[in-house]
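Enquirer: Before I ask anything, let me first share the structure, which is written out below as structure tokens.
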Amino acid sequence: TTEIYTLSLHDALPIFQMRFHLMAGVVGLAGYILVASLANVSVAWATPWYYLLGWPLFCLGTAWLTQQCPERSWRWPLSMMLGQVFASILYGNTLFPVAMIFVTVLSIPQFVIASYLSRQENSSTKDV
């Protein structure tokens, strides 16, 4: 007998979501590189540019990703954080543990945005 398997959306979801992880990582990486380049420093969050340009970029990226894929939305800021840490290492920041702590604390607004938008999406789905 011949068995036919179909790939459902549920089966393809991890593959589908991988691109969102990559996007989040690239936003974190690109945002860090942009800020560090503008300020001509290796530690982006030590400049006002990080808060004026980087933070809004990261928050907007998190909001967009959460609206596209609201389940387990904590993953998008986490992937963005990892992109920033990777960029920090590429830029020669040798204080890796400090970088992890700084990026985690500075990413709290992205986690709050992701949580809020995810709850909004879940409540609007229940209403339908």
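Enquirer: What accessible area, in Å² to the nearest ten, does a 1.4 Å probe give for L22?
Expert: Only protein atoms counted, so the area is about 110 Å².
Enquirer: To continue, here is another question. From the protein chains alone at 1.4 Å, what is the descending order of accessible area for S37, S88, largest first?
Expert: Values: S37 65, S88 0 Å².
From most accessible down to least: S37, S88.
Enquirer: Show me, for region 32-44, the HN-Hα J-couplings you get by feeding each phi into the Karplus relation (A = 6.51, B = -1.76, C = 1.60, θ = phi - 60°), rounded to Hz, glycine and proline as x.
Expert: Taking θ as phi minus 60°, the curve returns 5, 4, 4, 5, 5, 5, 4, 8, 6, 9, 9, 10, 4 Hz for region 32-44.
Enquirer: For region 19-30, just list the computed ³J(HN,Hα) in residue order, Karplus coefficients 6.51, -1.76 and 1.60, θ = phi - 60°, integers in Hz, with x standing in for Gly and Pro.
Expert: Residue by residue, region 19-30 yields 5, 5, 4, 5, 4, 4, x, 5, 4, x, 5, 5 Hz.
Enquirer: Taking the Cα centroid of region 42-64 and of region 78-128, what is the distance between the two, rounded to the nearest whole Å?
Expert: So the two Cα centres are separated by 11 Å.
Enquirer: Ordering I89, I101, I33 by accessible area with a probe of 1.4 Å, largest first, what comes out?
Expert: On the way: I89 85, I101 110, I33 55 Å².
Ranking I89, I101, I33 by accessible area, largest first, yields I101, I89, I33.
Enquirer: Once neighbouring chains are kept in place and the probe is 1.4 Å, which whole percent of the accessible area of region 21-85 is contributed by carbon and sulfur? Don't skip to the end; give the middle numbers.
Expert: Working: 2210 of 3000 Å².
Its accessible area is 74 percent carbon and sulfur atoms.
Enquirer: Starting from the Cα of L95, step 7 Å along the direction of its Cβ; do the same at R72; then give the gap between the two resulting points in nm.
Expert: According to this spin-label approximation, the distance is 3.3 nm.
Enquirer: Show F86, F102, F20 ordered by accessible area, largest first, where the area counts protein heavy atoms only and the probe is 1.4 Å.
Expert: Numbers: F86 120, F102 90, F20 5 Å².
Ranked list, largest accessible area first: F86, F102, F20.
The values are calculated or read from the model by the stated rules, or taken from the named source; none is laboratory data. In this text the structure is predicted, and so the values were computed from the model without any measurement. Cβ atoms come from the backbone with ideal geometry, glycine included; neighbour counts cover every protein chain shown. Keep in mind that these areas ignore ligands, DNA and RNA; they rest on the heavy atoms of the full protein, side chains included. Shrake-Rupley method; radii C 1.70, N 1.55, O 1.52, S 1.80 Å.
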